[in-house]
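Enquirer: Just passing along the structure, written as structure tokens.
The values are calculated or read from the model by the stated rules, or taken from the named source; none is laboratory data. Being a predicted model, the structure only gives us computed values, none of them experimental. Reconstructed Cβ throughout: ideal geometry from the backbone, glycine too, with neighbour counts over all protein chains shown. These area figures cover heavy atoms from the full protein model, side chains too; ligands, DNA and RNA do not enter into them. Shrake-Rupley method; radii C 1.70, N 1.55, O 1.52, S 1.80 Å.
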Amino acid sequence: MNKQERLPKMVKQDLDSRGVSAIFGIIGLFLLLVVSVIRGITVTTVAFSFLVTQLPMLYQAWRRMELLRTFNEDEEYQRLVRREFQILVAMFGSLGVFTFLTWFVFDSMQELLGVALIGIITLLILYVPMDRKLREADPEHVTNRELRQAHRKQKLSP
């Protein structure tokens with residue numbers, strides 16, 4: 001399947017998963033707002049809000065992985081697509097660990113942010129070159145940049 005056939009499917013799937021993840025994100029943030037009003041804003045509440053806002057993104061990433069795996073059956077491409085998703089799961093897991101740590105260990109926002117940034121930046125360094133590696137494994141791979149451009153074109157066209 002070439003890039004021109006993949007792109008509309010990816011845009012449609014991306015819009016669908018964004019809608020679902022936005023609904024769950026809004027529900028999660030509403031629940032956090034209620035908890036914050038009842039118990040007050042604490043470091044733990046902020047840490048849980050980081051975790052809740054990332055859960056819908058994890059859903060989007062899973063849907064993307066499932067779609068990308070249908071485009072190319074090459075073992076190397078499949079492995080890279082799974083690795084891209086695993087890095088995102090690791091980011092989510094690290095946010096969970098940071099939330100756990102704030103609940104039991106940390107008592108200031110600076111400590112939470114310091115540890116979170118170290119973990120997230122490390123995982124981002126692994127995630128950023130994945131598009132290039134996927135492109136090398138499959139020349140017809142639609143990169144995140146191309147997907148964003150397709151979204152912009154779709155918004156601009158009547």
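Enquirer: Size of the dipole of the chain about the Cα centre, Lys and Arg at +1 and Asp and Glu at -1 on the beta carbon, nothing else charged, in debye to 20?
Expert: The dipole magnitude comes to about 520 debye.
Enquirer: How much of the accessible area of the chain, in percent, comes from carbon and sulfur atoms when a 1.4 Å probe is used?
Expert: Percent of accessible area from carbon and sulfur atoms in the chain: 67.
Enquirer: Output the 0 to 90 degree angle, nearest 10, between the alpha-carbon long axis of helix 109-127 and the longest principal axis computed from the alpha carbons of the chain.
Expert: Between the helix axis and the principal axis of the chain, the angle is about 10 degrees.
Enquirer: Moving to a separate point now. Angle check, please: helix 3-39 long axis (alpha carbons) against the longest principal axis of the chain (alpha carbons), in degrees 0 to 90, nearest 10.
Expert: Helix 3-39 sits roughly 10 degrees off the main axis of the chain.
Enquirer: Can you pull the accessible area of Val105 for me, 1.4 Å probe, Å² to the nearest 10?
Expert: 90 Å²
Enquirer: Follow-up. Give me the angle, in degrees from 0 to 90, between the Cα long axis of helix 144-156 and the longest principal axis of the Cα atoms of the chain, rounded to the nearest 10.
Expert: So the helix axis and the longest Cα principal axis differ by about 80 degrees.
Enquirer: Still on this model: Compute, for segment 18-81, the length of the dipole vector about the Cα centre, with Cβ point charges of +1 (Lys, Arg) and -1 (Asp, Glu) only. Units Debye, rounded to 20.
Expert: Dipole of segment 18-81, to the nearest 20 debye: 400 debye.
Enquirer: Among [x] 18.1, 53; [y] 33.7, 109; [z] 20.1, 73, find the value of Rg and Dmax of the Cα atoms in Å that was calculated from the structure presented, and write down its label.
Expert: Evaluating Rg and Dmax of the Cα atoms in Å on these atoms matches [x].
Enquirer: Here's a follow-up. Can you spot the aspartates and glutamates whose alpha carbon is less than 17 Å from Lys12's alpha carbon? Ignore those fewer than 8 places along the same chain.
Expert: Straight-distance partners of Lys12: Glu66, Glu146.
Enquirer: List the aspartates and glutamates whose Cα lies under 18 Å from the Cα of Lys153, skipping any in the same chain that are fewer than 8 positions away.
Expert: Glu5, Asp14, Asp16
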